[in-house]
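Report on one structure; see the data block that follows.
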Amino acid sequence: MKFSSVGNYDVIVVGGGTAGVPAAIAAARGGAKTLLVERTSSLGGLMNTGMPALGVLDRRQNKVVGGIIEEIVNDLKKEGRSFGNLRCPLHNSITIVDPWWYRIAASQKCLEAGVKVLYSTSLLDVEVECARIAGVSLLSGSHVYGADCGILIDATGDATAAYLAGANYQMGQPESLDGIIAEQAKKESRYDIGHSKTGKVQPVSMTFCLGGVDTQRFMAYIKEHPETYESPKSYGMHYDEDYLFHSPAIYFTGFGEFIKRAAENGDFDIPRDRVILATQPNKGEYLINCSRVVDVDPTDPIEMSRATDELYRQVGMLARFFKKYCPGFEECYLTNIGPYTGVRESRRVTGIKTVTKNDVDALNIPDDCIALGGYNCDIHLSGVGLYFQPVEHAIGIPYGAMVSNNIDGLIATGRCISVDSYALAVLRVMGACLALGEAAGTAAAIAVKDGISAADVDVRKLQRTLCGNGAVVSI
């Protein structure tokens, strides 16, 4: 293999997904020489699959995420490629963007900010000297690259950079979480989730899009059959007609009756009791979120490869299911399949501070809050059900939850920050990850400019800078 250096950087961001894009843009805008490393050939992560960003507005409809993502969404909205931020009775809010145009927008924003992007490049190793980040080695094709840096931002989702650096981390769900879910299951009246247990981590999935949908026929059916979208009483949240039939876009969950019929006919064997779909900007197109493989270690490539094969099988089964059973989908066809297997839960870096269930229950917004999470508690189980509970308003994320407690110069962002498994279920979605990304990049730039450790960043200064750039740190 050929080895060469790609230079010395102030900040290297590993992972160009939901959190990585705003992290790199924020760092570069703050004056830091920034490298963004992405393992695929596009930026944006789940944002470029058609999946809605949840929790940009909280349950009280407070705007809790702004800044860089608000810029991009507003630009796309002007071109008819986004619906903006819309209220959702179950998911608090949905922010849908055209996945193809988001890729373009993410690339352009990075270029405008001065970010150097390396596509189709994987992290090979992290160089650490005396418990301090010194640089990375990267692999792309037959080339091995080296790059030095003062601060490394882990936006991989799986805390891959942190793991290679030797950072402390946690992974998996404690047995106590089973007790919390079992107690809630006693309140269940329509769907039996009592047999479902938490696993090592939440299941993995693969999203895809269907075009050619007769939206009028689809909407007419659910209007005539409100039982199809009735939520389990344990949720404490329910759709309303104003949302379903008057919103320009919806995130719909239902069609359990067709799953039951298809299962009886041998046409459905996926462990789900309902489908989830989201309106796309292209007419007659919907994103489908319904596949599921349980008991997968997302950090194990062999297990993930097995799961990916199974998910492709499920995508085919679901496409045929919609076409055969669901009103309005008789002429549907595949338009897009997510570029990778989606992971809900993986490693979580151990930080100087940790967000816990107690913080969620107390609706805590600490004085050192640098980002907000405005979603509900959403845990996918190893069976067919969900543990889904409302969170009255956004909770705050302290700066210390992003800062490694044993590796200097390492900042975690996105879903691999320091949280317990219950709080992760609130903060793992794209709304919080977008906010965390901008906070991480802004903090890194301040550390570089002030010549200090990431752990020593003045949080008040960080908050002022974030707010000045349109981000939100309080409600």
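Among the candidates THR465, THR442, the residue that is in contact (Cβ under 8 Å) with a residue 60 or more places away in the chain and surrounded by 24 or more Cβ atoms within 10 Å (Cβ to Cβ) is uniquely THR442.
Scanning the stretch 181-201 for residues that are in contact with a helix residue (DSSP H, G or I) (Cβ under 8 Å, 6 or more places away or on another chain) and at pLDDT 55 or above turns up GLN184, ALA185.
Take the stretch 115-146 and flag every residue that is in a loop (DSSP other than H, G, I, E, B) and either buried (at least 19 other Cβ atoms within 10 Å of the Cβ) or modelled with pLDDT under 95 (or both). Of everything in the stretch 115-146, those that are in a loop (DSSP other than H, G, I, E, B) and either buried (at least 19 other Cβ atoms within 10 Å of the Cβ) or modelled with pLDDT under 95 (or both) turn out to be VAL115, THR121, GLY141, SER142.
Out of the residues in the stretch 254-270 that are in contact with a Phe, Trp or Tyr (Cβ under 7 Å, 6 or more places away or on another chain) and not in a loop (DSSP other than H, G, I, E, B), state the one that is surrounded by the fewest Cβ atoms within 10 Å (Cβ to Cβ). The selected residue is ARG261. Note on the stretch 41-84: among residues that are polar (S, T, N, Q) and under 22 Å from GLN389 (Cβ atoms), the one that is surrounded by the fewest Cβ atoms within 10 Å (Cβ to Cβ) is GLN61.
For THR350, are the conditions met, namely being under 30 Å from GLY135 (Cβ atoms), touching a residue at least 24 places away in the same chain (Cβ under 8 Å), touching an Asp or Glu at 6+ places or on another chain (Cβ under 8 Å) and not aliphatic (A, V, I, L, M)? Spelling it out, it is not the case that THR350 is under 30 Å from GLY135 (Cβ atoms), touching a residue at least 24 places away in the same chain (Cβ under 8 Å), touching an Asp or Glu at 6+ places or on another chain (Cβ under 8 Å) and not aliphatic (A, V, I, L, M). With respect to the stated conditions, SER291 fails to be over 18 Å from PRO99 (Cβ atoms), of a type in the set (S, T, N, Q) and at pLDDT 95 or above. Answer yes or no as to whether LEU410 is in the same structural domain as ILE153 (by TED's automatic domain parsing) and closer than 19 Å to ASN364 by Cα. Here the answer is no, as LEU410 does not meet what is asked. Cβ-Cβ distances below 6 Å connect the following pairs, each with a first residue in the stretch 317-335 that is over 21 Å from ARG292 (Cα atoms), a second residue that is charged (D, E, K, R) and modelled with pLDDT of 95 or more, and a separation of six or more residues or different chains: PRO327/ARG217; GLY328/ASP214; GLY328/ARG217; PHE329/LYS323; CYS332/LYS323. Of all residues in the stretch 276-300, those that are under 24 Å from TYR239 (Cβ atoms) have Cβ atoms under 6 Å from Cβ atoms of residues that are at pLDDT below 95 and surrounded by fewer than 22 Cβ atoms within 10 Å (Cβ to Cβ), 6 or more apart or on another chain, in ARG292/PRO271.
You will find that of ARG292, ARG313, ARG320, the residue that is within 20 Å of TYR251 (Cβ to Cβ) and out of contact with any helix residue (DSSP H, G or I) (no Cβ under 7 Å at 6 or more places or on another chain) is ARG292 and no other.
The values are calculated or read from the model by the stated rules, or taken from the named source; none is laboratory data. All values reported here derive from a predicted model rather than from experimental measurement. Note that we place each Cβ from the backbone using ideal geometry, even for glycine, and neighbour counts take in every protein chain shown.
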